[in-house]
Amino acid sequence: MILRTSKQVIFTFLIFFNFIQPLNSADYQKINKRKNLFTNSSALKISNNTELTNWSNSSSKIIFGTNYVDKKFLNRYSEPLLADLSKKQKEIIIQSDKQSEINNVIFADGNVSVSYRGKILNADNLIYDKFNKKITAKGNVELVIGDQFFKVSYLEYSFVTKKGYLLNVQGSINSNTLMDDLSSNFSLTDSNRIKSLLQKRNKEVLHTPEKINNWIFSTERIDIDGEKWKSDKAIFSNDILQFKQVKIEINSLEVRSFKDELRFRSSLNYLVLDENISIPFWLGNRNLSKSEQNFDSKASWTLGYDNLDKDGLFIGRKLNSIDLGDDFIIDLEPQFLIQRSINGQTKSFVKKGDLVTGEKVIRDTEFADYFGFKSQIKGKVNSWDLEILNQINTLDINKFPDALRMKFLLNKEISFLNAKWDKNFYGVYRDRIWNGSLGEAEIYTGYGSKLEKKYTWEVNGITNTEVFSLGLANLQGEALSSKKLVDSLKGNLFYSIEKNIPLKVDKPKNKIIDSSYEYIYEPIKKGLSLNTRLSALYSLYENGKHQEYVGFGFGPELILGNLKNKTFDYTRISIFPFYKFKNGDSVFKFDQISDKFTLNFDFDQQLFGPIILKSNGTLNLDSDSNNYREFIDSKISLNWKKRSYEFGIFYQPHNQAGGISFRLFGFE
């Protein structure tokens with residue numbers, strides 16, 4: 001997460017280059033040398049209608065021309081003027097309250113506005129030395145490019161030496177539109193809209209689920225040297241409300257801009273939480289194509305617990321993503337299995353020579369058993385998204401068949417029956433499946449295809465979620481009643497509909513929050529509601545074998561508190577019994593319909609401030625089961641929850657796995 005966000009916001013340094021560089025397109029030799037002093041509002045237009053000597057290998061030809069513009073005239077004809085400017089994208093317009101030119105130096109004072117191809121630069125004062133090709137802007141310097149907004153106290157740049165610097169830089173970035181804004185034209189009238197939105201951001205924000213598009217940032221100084229941009233320290237934050245809860249400090253930042261690529265590097269960086277806790281991380285050397293607006297690589301340390309495959313506690317280091325070309329990247333994570341190395345033994349493998357489905361036994365470890373490896377390849381195949389996951393739980397080559405787990409997924413969204421569906425093809429090798437009271441099971445090998453539609457809507461306050469899927473696969477896995485491997489084709493059909501029905505609910509008027517919401521990213525919908533679910537499954541195997549069920553359940557959910565006070569201001573309790581009417585059996589263990597009657601519990605409780613205890617579990621109430629009255633699925637976590645981020649430590653007793661979770665939240 002840390003590096004993905006860093007890589008998105010680093011495009012900031014290209015924006016200034018994108019605005020300044022077009023002025024580098026011609027050597028201004030034919031210039032109107034008249035010395036003009038304007039006491040009224042003035043505009044200076046630089047157009048491309050006169051031939052000049054080119055010194056940047058560009059075909060653009062621009063010349064200074066002087067226009068006398070009265071302020072009343074400007075107000076009266078502002079809209080036609082802006083419309084005309086949108087058509088003349090290759091013109092540079094300088095407007096100000098007062099302009100003068102002395103010895104080839106242009107002085108613009110008061111409400112200075114410079115526009116070029118929809119990019120807007122505002123300042124209190126601007127000086128342009130036509131002989132030395134040097135521009136200086138100071139006093140409330142603002143740069144607006146689409147949804148991107150920047151404030152600078154001082155800007156200086158030479159088009160001859162290609163050197164300059166920016167002081168006290170602050171800004172707001174929308175990573176979702178950043179690359180489009182850099183390359184597209186922008187209506188001048190949108191600048192007021194952007195600044196108006198920024199003013200509102202200081203007071204109120206709206207949560208953007210599953211994405212972080214908006215960032216604020218600051219740095220004391222940016223030095224420009226040709227294609228290279230440098231800053232000793234740049235600070236970014238997703239907390240656009242207060243710039244307080246989360247800060248990403250990038251140190252010794254150096255950015256190089258190329259034609260279609262951005263390359264950058266930094267030293268040791270820090271994730272700062274609540275201005276008190278600093279977590280170091282390395283950004284490393286990295287290349288980024290301008291086409292990559294969304295970046296999913298995560299280069300950080302991970303700490304986890306997996307007793308089944310790794311014998312307990314382990315640590316991993318996610319390395320920098322490697323570009324494989326043609327829209328493919330690979331992420332690598334070497335792992336050190338801490339608990340296995342301390343114990344000197346492992347119980348993650350079967351006895352040598354046994355079937356992979358055999359009982360796992362205690363074995364002495366070799367040095368190579370202390371290390372594991374995880375990799376992920378992601379990319380595009382035409383319009384399909386491809387993902388390949390590999391996990392190796394030892395580097396001992398003699399254990400590779402029992403240590404390797406692999407999965408690939410080819411997925412795209414399609415239109416079918418006037419609806420959006422997810423279509424995928426997949427393949428697996430030794431995929432772990434948890435199947436309630438039957439415990440851990442495996443698909444040894446398999447491949448197949450799945451078509452699924454998921455749709456959520458709200459009617460009269462009732463939230464409905466509908467899922468419908470079709471699947472066909474060729475699988476090999478552990479047999480239902482023995483340790484042998486069996487093969488079978490499988491076709492399945494699944495449908496479910498869930499409802500959340502408010503009984504007595506205090507629903508917020510809107511989802512907007514202000515700085516008083518320290519612990520949550522949106523107002524809480526509190527009160528009593530009823531959750532219901534109806535589902536059905538039919539699975540068909542070779543030789544006519546089949547299994548099916550129809551299930552239903554309903555139960556209450558109670559939410560109390562606003563999570564705004566320091567202690568016990570939030571409680572969530574959910575109880576959900578579910579019953580299945582079952583018929584038939586599977587040929588496999590991993591998908592056998594088991595546990596006909598279950599009871600799901602959820603309990604979340606604020607303890608103090610941002611500390612929240614979360615727990616959930618599934619109690620088996622099937623009297624025919626060997627695990628009757630036992631929890632067959634469970635998780636407990638202790639979370640530090642804030643408006644802009646959430647950190648948690650969790651453990652899952654049912655499969656003896658655990659770890660650390662961390663999330664950032666986005667706003668607009």
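So which of Phe371, Phe367 is under 35 Å from the mean Cα position of the chain (by Cα) and of a type in the set (Phe, Trp, Tyr)?
Matching residue, one of Phe371, Phe367: Phe371.
Determine which single condition Lys483 fails, assuming it passes every other condition in (1) touching a helix residue (DSSP H, G or I) at 6+ places or on another chain (Cβ under 6 Å); (2) of a type outside the set (A, V, I, L, M); (3) in a loop (DSSP other than H, G, I, E, B).
Against the list (1) touching a helix residue (DSSP H, G or I) at 6+ places or on another chain (Cβ under 6 Å); (2) of a type outside the set (A, V, I, L, M); (3) in a loop (DSSP other than H, G, I, E, B), Lys483 comes up short only on (1).
Find the residue count for the range 439-466, including only residues that are in contact with a strand residue (DSSP E or B) (Cβ under 6 Å, 6 or more places away or on another chain) and without any contact (Cβ under 8 Å) to a residue 60 or more places away in the chain.
Residues in the range 439-466 being in contact with a strand residue (DSSP E or B) (Cβ under 6 Å, 6 or more places away or on another chain) and without any contact (Cβ under 8 Å) to a residue 60 or more places away in the chain: 19 in total.
Suppose we filter the range 214-242 for residues that are open to solvent by 30 Å² or more (accessible area, probe 1.4 Å), at pLDDT below 85 and of a type outside the set (Asp, Glu); how many remain?
Residues meeting the conditions: 2.
Within the range 129-154, restricting attention to residues that are closer than 18 Å to Ser231 by Cβ and touching a residue at least 40 places away in the same chain (Cβ under 8 Å), which residue is nearest to the chain's Cα centre (by Cα)?
Ranking the candidates gives Gln148 first.
For the range 613-665, what are the residues that are open to solvent by less than 50 Å² (accessible area, probe 1.4 Å), in contact with a His (Cβ under 7 Å, 6 or more places away or on another chain) and in a strand (DSSP E or B)?
The answer is Ile632, Ser634.
What number goes with the only condition from (1) within 25 Å of Val587 (Cβ to Cβ); (2) open to solvent by 80 Å² or more (accessible area, probe 1.4 Å) that Tyr455 does not pass?
If we test Tyr455 against (1) within 25 Å of Val587 (Cβ to Cβ); (2) open to solvent by 80 Å² or more (accessible area, probe 1.4 Å), just (1) comes out false.
Considering only the range 464-480, state which residues are within 29 Å of the chain's Cα centre (by Cα) and either buried (at least 16 other Cβ atoms within 10 Å of the Cβ) or aromatic (Phe, Trp, Tyr) (or both).
Phe468, Ser469 - these are the residues of the range 464-480 that are within 29 Å of the chain's Cα centre (by Cα) and either buried (at least 16 other Cβ atoms within 10 Å of the Cβ) or aromatic (Phe, Trp, Tyr) (or both).
Select from the range 407-428 the residues that are of a type in the set (Phe, Trp, Tyr) and either closer than 12 Å to Gly448 by Cβ or surrounded by 15 or more Cβ atoms within 10 Å (Cβ to Cβ) (or both) and list them in ascending order.
Listed by number, the residues that qualify are Phe408, Trp421, Phe425, Tyr426.
Restricting to the range 487-520, give me the number of residues that are open to solvent by less than 40 Å² (accessible area, probe 1.4 Å) and assigned to a strand (DSSP E or B).
Here the count works out to 7.
Go through the range 588-606 and count every residue that is over 20 Å from Asn492 (Cα atoms) and of a type in the set (Phe, Trp, Tyr).
3
Given the criteria modelled with pLDDT of 90 or more, outside any helix (DSSP H, G or I) and of a type in the set (A, V, I, L, M), does Ile414 qualify?
yes
Of the residues Gly436, Gly358, Gly427, only one is touching a strand residue (DSSP E or B) at 6+ places or on another chain (Cβ under 8 Å), closer than 27 Å to Ser481 by Cα, at pLDDT 95 or above and of a type in the set (Gly, Ala, Ser); which?
From the options Gly436, Gly358, Gly427, the qualifying one is Gly427.
Output the qualifying pairs, or none if there are none: Cβ atoms under 8 angstrom, residues six or more apart or on different chains, first residue in the range 652-663 and in contact (Cβ under 8 Å) with a residue 40 or more places away in the chain and under 14 Å from Asn639 (Cα atoms), second residue aliphatic (A, V, I, L, M) and outside any strand (DSSP E or B).
These pairs meet every condition: Phe662/Met1; Arg663/Met1.
Given the condition open to solvent by 50 Å² or more (accessible area, probe 1.4 Å), out of contact with any Pro (no Cβ under 9 Å at 6 or more places or on another chain) and at pLDDT 85 or above, answer yes or no: does some residue in the range 317-324 qualify?
Checking the range 317-324: not a single residue is open to solvent by 50 Å² or more (accessible area, probe 1.4 Å), out of contact with any Pro (no Cβ under 9 Å at 6 or more places or on another chain) and at pLDDT 85 or above.
Pairs, please: C-beta under 9 Å, at least 6 apart or cross-chain, first residue among the polar types (S, T, N, Q) and in the range 321-333, second open to solvent by less than 40 Å² (accessible area, probe 1.4 Å) and in a loop (DSSP other than H, G, I, E, B)?
Once the first residue is among the polar types (S, T, N, Q) and sits in the range 321-333, its partners that are open to solvent by less than 40 Å² (accessible area, probe 1.4 Å) and in a loop (DSSP other than H, G, I, E, B) give Ser321/Phe295; Ser321/Ser297; Ser321/Ala299.
Examine the range 572-580 for a residue that is among the hydroxyl-bearing types (Ser, Thr, Tyr), open to solvent by less than 70 Å² (accessible area, probe 1.4 Å) and under 33 Å from the mean Cα position of the chain (by Cα), and state whether such a residue exists.
yes
I want to confirm something. Restricting to the range 140-173 and keeping residues that are among the aliphatic types (A, V, I, L, M) and either open to solvent by 20 Å² or more (accessible area, probe 1.4 Å) or modelled with pLDDT under 80 (or both), which single residue is farthest from Lys211 (Cα to Cα)?
Val160
Any idea which of Gly555, Gly551 is over 21 Å from Leu438 (Cα atoms), open to solvent by less than 40 Å² (accessible area, probe 1.4 Å) and assigned to a strand (DSSP E or B)?
Criteria check complete, one pass: Gly555.
Please work out which one of (1) over 32 Å from the mean Cα position of the chain (by Cα); (2) within 30 Å of Asn543 (Cα to Cα); (3) modelled with pLDDT of 90 or more is the condition Lys483 fails and give its number.
(3)
Would you confirm, using the coordinates I've provided, whether Lys211 is open to solvent by 50 Å² or more (accessible area, probe 1.4 Å), at pLDDT 80 or above, of a type outside the set (Asp, Glu) and more than 15 Å from Val144 (Cα to Cα)?
No; evaluated as a whole, the condition is false for this residue.
Can you list residue pairs whose Cβ atoms sit under 6 Å apart, with the first residue in the range 205-232 being touching a residue at least 24 places away in the same chain (Cβ under 8 Å) and within 25 Å of Val160 (Cβ to Cβ) and the second being open to solvent by 60 Å² or more (accessible area, probe 1.4 Å) and not in a strand (DSSP E or B)? Count only pairs 6 or more apart in sequence or on different chains.
As it stands, the answer is Gly226/Lys162, since those pairs meet every condition given.
If I filter the range 351-370 down to residues being open to solvent by 60 Å² or more (accessible area, probe 1.4 Å) and of a type in the set (A, V, I, L, M, F, W, C), which single residue comes out as nearest to Thr445 (Cα to Cα)?
Within the range 351-370, the subset open to solvent by 60 Å² or more (accessible area, probe 1.4 Å) is 351-355, 359-360, 362, 364, 366-367.
Then drop every residue that is not of a type in the set (A, V, I, L, M, F, W, C), which leaves 355, 362, 367.
Working: Leu355: 14, Ile362: 25, Phe367: 29 Å.
Among residues in the range 351-370 that are open to solvent by 60 Å² or more (accessible area, probe 1.4 Å) and of a type in the set (A, V, I, L, M, F, W, C), the one nearest to Thr445 (Cα to Cα) is Leu355.
All but one of (1) open to solvent by 40 Å² or more (accessible area, probe 1.4 Å); (2) outside any strand (DSSP E or B) hold for Pro523, so report the exception by its number.
The number of the failed condition is (1).
Considering only the range 362-393, state which residues are within 18 Å of Asp422 (Cβ to Cβ) and among the acidic types (Asp, Glu).
Correct list: Asp385, Glu387.
Can you name every residue in the range 302-316 that is in a strand (DSSP E or B) and open to solvent by 30 Å² or more (accessible area, probe 1.4 Å)?
Thr302, Leu303, Tyr305, Leu313, Ile315
The values are calculated or read from the model by the stated rules, or taken from the named source; none is laboratory data. All figures in this text were calculated on a predicted structure; none of them were measured in a lab. A quick note on method: Cβ atoms are made from the backbone with ideal geometry, for glycine too, and the neighbour counts reach across all protein chains shown. These area figures cover heavy atoms from the full protein model, side chains too; ligands, DNA and RNA do not enter into them. Shrake-Rupley method; radii C 1.70, N 1.55, O 1.52, S 1.80 Å.
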